[in-house]
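The values are calculated or read from the model by the stated rules, or taken from the named source; none is laboratory data. Values in this document were obtained by computation on a predicted structure and should not be read as measured data. Glycine also receives a Cβ, built like all others from the backbone with ideal geometry; neighbour counts cover every protein chain displayed. The accessibility values were calculated without ligands, DNA or RNA, using every heavy atom of the protein model including side chains. Shrake-Rupley method; radii C 1.70, N 1.55, O 1.52, S 1.80 Å.
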Amino acid sequence: MHLPRFGVLILLVLIVALAVGLFLNSQEQRLGSGVWPNYTLDAMQSIEVATRGERYTLVKEPNGWVVRSAGAEPDALPTPADKTRIEALLAAIAHHRPTQNLGQASADELAGYGFSDPTETILLHPSTLGLGDALLTFGHETPTGAALYAQSSLAAGAVFLLDASILHQIDKPSEHYYDYRLLDLRTDDAQHLTVTGAASVQWELERKDDSFVFLRPESLKGSSVSSSEVRLFLHNLSAVCADNILTKNDRQPPGRPTFTLDILIAKDTEPLRLEIFPQGDTDQVFGRSTRHPAGFLLDHEKARTLFRLAFDMQWRGVITYDSARVQSARIFSVMGNQTMVAENTPSGWEEREHGRKLAGLDLSLWRLKELRFEGEPVAKLTFPAVQRLALDLYAKDAKLLTSFTFYVDPRLPPDQCWLKVGSEEMFYPVGNQIIEELQGYLPSRAVRPPGE
């Protein structure tokens, strides 16, 4: 069966378009080869950038990449740089190879192209042997705005056309390359943490194997720390970024910081330090750190996420039992006067009386073990606290493994309830979502017809 003439024509057009595309791409590759740099971050020592607004240099130093501004005071400290953004700059340069070589140009032509007052210049200085410096100069856009005039010192005197979109990727102020993280921290490296308030140490932790223990306050010395809370605290710390990085030491606040955190990475090094100072009349607080000694400004709400009390860091587990031994469970709703017994069968949890599947009960029991007390426990409950729900867990032969009793109390926050474990005369404030979960496994009560 022969293709219709129109179909053959369309096929020929597609083949020609593909061939032209391949030709232009190969021509662009050949044009860029040797005259346009394609350098990676590992090969670089420095990148000097001059825009119409400022001049600065991205420099690879022993402790990492930094930004150095031209005209800064001799004792000015460099600002840590974000490596990923420097890599993006190099990738943008390598990707936007010349699309056309206009050849050599006269002085008047060069001025007309915008090279007497370039939009931007970038000097790439590699550290790798065999790679030379490359000075890139970017002039005006073409009248259509689709292309940009550029020169490369790797092809002295030649004028190239580049896709104009490169300018939006490389014409950045120095602040674009700042590393706004408060500390350069990997959470698994922390060995010792000390948090100090305005007057004294609030809490101090030390790593023991894969967990932490309290050194201070004295009342908690040697007690366990919540590993998940430590990980969350360090994760938040590494994720929070400053809103502004200060580059001059002229805004140091008086007085003592309200929050100081010292993190020891190794016993033979100086600790990483973070300090937050009292808030003034603005929405931002002043802080400084070993990474940003001149200081930074941080949104007040962001700063609040850094504060943790010793209570927050405690291991606050309430419930411990062997989940593998649980064979059945009894849920009793006091307010609804409902009782249900569930069996742990090979096919999952089922209601004993009717064989109804109880999907998700194993997940609820896991969440039960994850409950943490949200405040100080009490030894006695008084009115208006009332019992709401009871849960009994049984091992084989109907042997009681443990029991839990939940109480509602309007004096607690709306998302909390009291929990009593076994016969222990202690009541812990915990999240009350578990009550609603367990209540949900009870069968719906039949609605009685009117008059019965």
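Quick look at the values:
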quantity: Two-site FRET efficiency, Glu61 against Ser219, from Cβ-Cβ distance with R₀ of 41 Å, rounded to 0.05; calculated: 0.35
quantity: Amide H within-cut-off set for Thr142, under 5 Å, with H built and near neighbours excluded; calculated: Ala147, Leu148, Tyr149
quantity: Integer Hz, Karplus 6.51/-1.76/1.60 couplings in order for the range 417-428, x for Gly and Pro; calculated: 9, 9, 10, 10, 9, x, 9, 5, 8, 8, 10, 10
quantity: Inter-centroid distance (Cα atoms) of the range 59-104 relative to the range 144-223, Å; calculated: 16
quantity: Virtual spin-label span in nm between Asp312 and Gln104, 7 Å along Cα→Cβ; calculated: 6.9
quantity: Integer Hz, Karplus 6.51/-1.76/1.60 couplings in order for the range 315-330, x for Gly and Pro; calculated: 6, 10, x, 9, 10, 9, 7, 8, 4, 5, 8, 6, 10, 8, 9, 10
quantity: Cα long-axis angle, helix 227-239 against the chain (0 to 90 degrees, to the nearest 10); calculated: 30
quantity: Whole-Hz couplings from phi, Karplus 6.51/-1.76/1.60, listed for the range 62-67; x for Gly and Pro; calculated: x, 9, x, 7, 9, 10
quantity: Trypsin sites (Lys or Arg not before Pro) restricted to DSSP loop in the range 247-311 with at most 13 other C-beta within 10 Å; calculated: Lys248, Arg251, Lys267
quantity: Interchain or long-range residues, amide H under 5 Å from Phe212's placed H; calculated: Val225
quantity: Other-chain or far-sequence residues with amide H under 5 Å of Trp203's (modelled H); calculated: Val195
quantity: Entry for Cα extents along the principal axes in Å (calculated from the structure that is shown) out of (i) 74, 53, 50; (ii) 101, 86, 45; (iii) 84, 57, 48; calculated: (ii)
quantity: Of the GluC sites (Glu not before Pro) in the range 328-429, those whose Cβ has at most 14 other Cβ within 10 Å and which sit in DSSP loop; calculated: Glu353, Glu370, Glu424, Glu425
quantity: Fraction of accessible area attributable to carbon and sulfur, the chain (%, probe 1.4 Å); calculated: 53
quantity: Förster radius 41 Å - calculated FRET efficiency between Lys208 and Asp299 (Cβ-Cβ, nearest 0.05); calculated: 0.70
quantity: Where trypsin sites (Lys or Arg not before Pro) fall in DSSP loop in the range 369-448, at most 14 other Cβ within 10 Å; calculated: Lys380, Lys399, Arg411, Arg445
